[in-house]
Protein chains: 4
Amino acid sequence: MDKDLTLDTLAETLVATGRGLHERGWALGTSGNFSAVLTRNPLRLLISRSGVDKGELTRDQVLVVDEAGEVVIGSGKPSDETVVHLTIVRQREAGAVLHTHSVWNTLLSEAAGDAGGLLLEGLEMLKGLSGVTTHDHAEWVPIVENTQDYGHMAADVGRALIAHPRAHGLLLRGHGLYTWGRDLREAKRHVEVLEFLFEVTGRLYAATGRLRAPRQSVPAGAGGDDGGR
Amino acid sequence: MDKDLTLDTLAETLVATGRGLHERGWALGTSGNFSAVLTRNPLRLLISRSGVDKGELTRDQVLVVDEAGEVVIGSGKPSDETVVHLTIVRQREAGAVLHTHSVWNTLLSEAAGDAGGLLLEGLEMLKGLSGVTTHDHAEWVPIVENTQDYGHMAADVGRALIAHPRAHGLLLRGHGLYTWGRDLREAKRHVEVLEFLFEVTGRLYAATGRLRAPRQSVPAGAGGDDGGR
Amino acid sequence: MDKDLTLDTLAETLVATGRGLHERGWALGTSGNFSAVLTRNPLRLLISRSGVDKGELTRDQVLVVDEAGEVVIGSGKPSDETVVHLTIVRQREAGAVLHTHSVWNTLLSEAAGDAGGLLLEGLEMLKGLSGVTTHDHAEWVPIVENTQDYGHMAADVGRALIAHPRAHGLLLRGHGLYTWGRDLREAKRHVEVLEFLFEVTGRLYAATGRLRAPRQSVPAGAGGDDGGR
Amino acid sequence: MDKDLTLDTLAETLVATGRGLHERGWALGTSGNFSAVLTRNPLRLLISRSGVDKGELTRDQVLVVDEAGEVVIGSGKPSDETVVHLTIVRQREAGAVLHTHSVWNTLLSEAAGDAGGLLLEGLEMLKGLSGVTTHDHAEWVPIVENTQDYGHMAADVGRALIAHPRAHGLLLRGHGLYTWGRDLREAKRHVEVLEFLFEVTGRLYAATGRLRAPRQSVPAGAGGDDGGR
């Protein structure tokens with residue numbers, strides 16, 4: 001396969017994905033950033049440029065960085081959170097990472113922040129998460145404190161990924177969602193699935209004042225299906 | 001009429017319907033599945049392939065299955081819930097079946113789950129349901145417990161259809177809506193009508209903490225307009 | 001001006017307006033109906049056909065009726081509520097009438113139904129209503145009980161129009177909004193303005209349990225700015 | 001650069017921006033008005049014509065006014081609030097000013113009106129505001145009483161801008177948001193960022209009855225990050 005062709009196709013898919021997330025209101029303004037793995041050896045990651053308007057994301061605002069986050073192709077500064085993307089790509093062997101700021105994920109990251117995470121349980125939509133084959137699944141979404149020290153943030157995210165090896169996403173408190181997948185398609189599916197579950201949970205919280213669905217149980221050690229935290 | 005032409009037209013309508021439902025947020029990710037009857041003797045049903053992204057549903061992801069759910073035209077696995085579609089097609093003589101996962105139908109299926117169903121009553125929008133000629137109509141939407149055993153699910157759905165012969169739709173708890181119609185147009189209308197009624201009911205529930213509209217009465221035997229359950 | 005050209009242009013504007021209202025979720029399924037005056041002497045009214053899907057409204061689903069509601073041009077049955085449209089056209093000298101079913105107008109027509117109307121007051125958006133020049137305006141939206149007897153409904157609506165000569169719209173309980181304007185553009189603006197005010201009022205009701213904004217006063221005789229009821 | 005070309009390009013961007021804001025439901029009906037600086041010496045400001053439907057905004061509905069608000073190019077009356085736009089352009093050296101009426105900004109301007117302003121704090125999305133580099137930022141959005149005396153309104157807005165030199169936007173009570181930026185792109189980003197923060201704050205208010213996020217502190221003198229009021 002022609003490598004430049006692959007690069008162009010992947011970059012265009014990344015642009016279309018980012019614009020679609022903005023359209024749904026999940027990456028308003030310059031919020032959110034998106035990446036996709038071009039090659040693994042050596043690691044080359046496509047990632048959106050820092051500070052660009054996601055509703056007007058263009059092909060030339062997609063850069064290629066190496067495993068240290070240095071720009072290899074394209075001009076401009078990659079997203080400040082490139083180091084978080086790289087951490088997730090390495091630890092989860094992800095092919096794509098999407099970071100969104102939705103109203104519901106922001107609201108829940110605050111409401112459940114002190115509990116250290118949010119439990120999503122008992123809903124069929126959970127089966128949209130890779131490897132989940134039943135609604136009778138407890139998905140623990142860890143909530144990591146926000147910081148402007150991105151090295152610190154990446155280390156915190158890395159620890160959360162180790163503590164919750166089966167988590168499909170994590171929330172930064174007051175900040176947004178990180179989710180990932182084998183490729184951009186799977187990562188986008190995970191965004192839609194998690195945002196749907198957040199909206200159901202958030203609306204039930206608004207209606208009842210409680211953060212859990214009626215039948216949800218308290219997870220052992222508050223660690224969900226993957227044990228301790 | 002040219003049968004292949006019919007197949008193509010119907011498949012394209014199914015694809016457009018599915019994408020429209022995704023656009024409204026009622027079939028995010030890979031959730032939802034959609035079917036339409038091509039011929040009745042022998043029964044040939046068009047149905048969406050298992051696990052496909054409904055926002056990117058394409059013509060070749062629509063398969064044709066027979067009365068046993070075996071693929072007759074197309075490649076890939078049909079939706080896991082094909083057996084539920086076939087049950088509805090047979091028992092309701094439906095020409096199309098649509099299954100959606102919306103935020104409001106998920107939320108209400110949990111909130112009203114223990115009551116075994118949800119009563120929609122007194123609203124003009126009810127007249128959008130086939131055969132309903134007045135707002136003074138009590139529509140009981142049965143709620144069936146969710147399961148990953150699809151034969152079991154189909155049997156439960158079949159029993160609910162018999163117990164509630166006048167119901168226009170049913171909810172799977174924590175899972176979503178099944179509705180149907182003479183053809184895809186009518187089924188799509190039923191989705192829009194029921195989703196509207198769910199949103200009104202859900203927002204009133206959020207505002208008042210009660211699941212019924214102010215003037216709604218408790219149905220005799222909790223069975224709505226079609227008697228016992 | 002070529003009269004057929006006028007008819008075609010007006011019908012196309014009516015179709016575009018109707019589809020736009022469906023797109024916003026204000027006329028889901030077959031709900032809603034829309035009309036525009038073609039000529040006044042004799043009265044010729046364009047109106048959408050009964051029972052058509054508003055998301056797929058087409059040019060040939062727009063009929064022309066006379067002052068008695070009889071079809072003059074086109075085939076099929078005009079909307080059942082044609083008599084209500086004709087009443088509004090006559091009493092308000094309206095050039096266009098739009099009838100929508102939104103979630104918020106349905107919810108408020110129930111929540112405020114026993115009060116006989118809803119007061120919208122103190123918001124700048126009120127200036128979008130024809131003739132209103134200040135936010136310091138009290139708009140009383142009368143709520144009329146719903147019925148399937150359309151002659152009865154038209155008479156009730158006629159009485160409400162007389163009782164509230166300055167009202168820009170009215171709600172049918174559990175049913176929807178009727179608003180109107182000099183032409184389709186003004187009527188559409190009134191839909192957007194009233195739906196906005198309904199959503200603000202409905203969300204404040206959900207948040208506070210009260211139907212009025214903090215600074216709203218009780219209208220004298222509950223009749224708003226136009227005196228008694 | 002060809003000046004007419006600049007004018008046309010800027011006017012088209014203004015039209016596209018306005019239509020986009022209408023599409024999101026932030027400038028329904030004829031609400032909202034939008035401006036952009038063409039030249040500074042002498043001051044020439046593009047601004048939308050008074051009373052036009054923002055969903056159908058066209059190139060010829062964009063006028064050019066001078067520093068006194070007199071029309072220099074185009075026909076028709078400029079927005080009544082032109083004097084407010086001019087005040088902001090002068091005091092903030094803004095290149096563009098956008099004024100929107102959203103459901104959430106209207107609701108919050110009422111709910112927080114008596115407090116004289118709304119505090120937005122601790123959320124990552126704040127970094128979408130120009131010059132803000134950390135989520136640990138307290139943005140005080142002043143709320144100015146509404147009036148139909150536009151000279152009075154402009155003076156009140158001018159005083160609020162002086163009292164809160166670091167504010168990125170302000171609310172008119174029961175009326176809407178004014179925000180601005182170096183250019184139309186930045187102003188549009190500020191609308192998206194502030195509307196997002198309003199929606200999060202409004203939904204938390206609906207869920208909890210409190211206007212502040214859990215971790216928000218009371219600002220010294222209720223003046224947020226810019227001191228006294």
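If only residues of the range A:156-177 that are touching a Gly at 6+ places or on another chain (Cβ under 6 Å) and crowded, with 24+ Cβ neighbours inside 10 Å are counted, the one that is nearest to residue A:97 (Cα to Cα) is A:177.
Count of the range C:16-46 residues, restricted to those that are closer than 14 Å to residue C:57 by Cα, of a type in the set (A, V, I, L, M, F, W, C) and touching a Lys or Arg at 6+ places or on another chain (Cβ under 6 Å), is 1. Scoring residue B:88 on the criteria (1) within 17 Å of residue B:198 (Cβ to Cβ); (2) within 19 Å of the chain's Cα centre (by Cα) leaves a single failure, condition (1).
Residue-by-condition table, conditions (1) in a loop (DSSP other than H, G, I, E, B); (2) at pLDDT 95 or above; (3) within 14 Å of chain A (Cβ to nearest Cβ); (4) touching a Gly at 6+ places or on another chain (Cβ under 9 Å):
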position	(1), (2), (3), (4)
D:83	no, yes, no, yes
D:86	no, yes, no, yes
D:109	no, yes, no, yes
D:130	yes, yes, yes, yes
D:135	yes, yes, yes, yes
D:148	yes, yes, no, no
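Residues in the range B:88-106 that are open to solvent by 20 Å² or more (accessible area, probe 1.4 Å) and not in a helix (DSSP H, G or I): B:93 alone. Would you mention how many residues in the range D:149-177 are within 21 Å of residue C:135 (Cα to Cα) and of a type outside the set (Gly, Ala, Ser)? Qualifying residue count, the range D:149-177: 12.
All conditions in (1) within 14 Å of chain B (Cβ to nearest Cβ); (2) open to solvent by 10 Å² or more (accessible area, probe 1.4 Å); (3) assigned to a helix (DSSP H, G or I) hold for residue C:153, with the sole exception of (2). In the range B:53-73, of all residues being over 23 Å from residue B:151 (Cβ atoms) and not in a helix (DSSP H, G or I), the one that is modelled with the lowest pLDDT corresponds to B:53. Against the criterion of being in contact with a Ser or Thr (Cβ under 8 Å, 6 or more places away or on another chain) and farther than 17 Å from residue D:104 by Cα, residue D:160 does not qualify. Please state which of the following conditions residue A:103 fails to meet, knowing it meets all the rest: (1) at pLDDT 95 or above; (2) within 14 Å of another protein chain (Cβ to nearest Cβ); (3) touching a strand residue (DSSP E or B) at 6+ places or on another chain (Cβ under 8 Å). It is condition (3) that residue A:103 fails. Within the range B:60-86, restricting attention to residues that are in contact (Cβ under 8 Å) with a residue 60 or more places away in the chain and open to solvent by 20 Å² or more (accessible area, probe 1.4 Å), the residue that is nearest to residue B:180 (Cα to Cα) is B:83.
For every residue, the table says whether it meets (1) over 27 Å from residue D:20 (Cα atoms); (2) at pLDDT 95 or above.
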{"site": "D:151", "(1), (2)": "yes, yes"}
{"site": "D:176", "(1), (2)": "no, yes"}
{"site": "D:188", "(1), (2)": "no, yes"}
{"site": "D:209", "(1), (2)": "yes, no"}
{"site": "D:220", "(1), (2)": "yes, no"}
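Reported count of residues in the range C:127-141, each being of a type outside the set (D, E, K, R) and surrounded by 23 or more Cβ atoms within 10 Å (Cβ to Cβ), is 4. Here residue C:183 does not fit the description of being open to solvent by 20 Å² or more (accessible area, probe 1.4 Å) and within 14 Å of chain B (Cβ to nearest Cβ). When you look at residue D:117, is it touching a residue at least 12 places away in the same chain (Cβ under 8 Å), away from chain A (no Cβ under 14 Å) and open to solvent by less than 20 Å² (accessible area, probe 1.4 Å), yes or no? It is true that residue D:117 is touching a residue at least 12 places away in the same chain (Cβ under 8 Å), away from chain A (no Cβ under 14 Å) and open to solvent by less than 20 Å² (accessible area, probe 1.4 Å). The set of residues in the range B:137-146 being more than 14 Å from chain C (Cβ to nearest Cβ) and out of contact with any His (no Cβ under 7 Å at 6 or more places or on another chain) consists of B:141, B:143, B:144, B:145.
The set of residues from the range C:41-62 being of a type in the set (D, E, K, R) and touching a Gly at 6+ places or on another chain (Cβ under 9 Å) comprises C:49, C:53, C:54, C:60. Going through (1) within 14 Å of chain C (Cβ to nearest Cβ); (2) of a type outside the set (Phe, Trp, Tyr); (3) touching a residue at least 12 places away in the same chain (Cβ under 8 Å) one by one, residue B:160 falls short only on (1).
Can you tell me which of (1) farther than 20 Å from residue B:172 by Cα; (2) within 14 Å of another protein chain (Cβ to nearest Cβ); (3) open to solvent by less than 20 Å² (accessible area, probe 1.4 Å) is the one residue B:19 doesn't meet? Among (1) farther than 20 Å from residue B:172 by Cα; (2) within 14 Å of another protein chain (Cβ to nearest Cβ); (3) open to solvent by less than 20 Å² (accessible area, probe 1.4 Å), residue B:19 violates only (3).
Each residue in the range A:180-213 was checked for being hydroxyl-bearing (Ser, Thr, Tyr) and free of Cβ contacts under 8 Å to residues at least 24 places away in the same chain, and 1 pass. (1) outside any helix (DSSP H, G or I); (2) under 20 Å from residue A:153 (Cβ atoms); (3) facing another protein chain (nearest Cβ under 10 Å): which one isn't true of residue A:48, the others all being true? With (1) outside any helix (DSSP H, G or I); (2) under 20 Å from residue A:153 (Cβ atoms); (3) facing another protein chain (nearest Cβ under 10 Å) applied to residue A:48, the lone miss is (3). In the range C:194-215, the residue that is surrounded by the most Cβ atoms within 10 Å (Cβ to Cβ) out of those that are more than 12 Å from chain B (Cβ to nearest Cβ) and over 19 Å from residue C:160 (Cβ atoms) is C:195.
The values are calculated or read from the model by the stated rules, or taken from the named source; none is laboratory data. Here the structure is a predicted model, which means the values were calculated and not measured. Using ideal geometry, Cβ is built from the backbone for each residue, glycine included, and neighbour counts are taken over all protein chains shown. Only protein heavy atoms, including side chains, enter the accessible area calculation; ligands, DNA and RNA are left aside. Shrake-Rupley method; radii C 1.70, N 1.55, O 1.52, S 1.80 Å.
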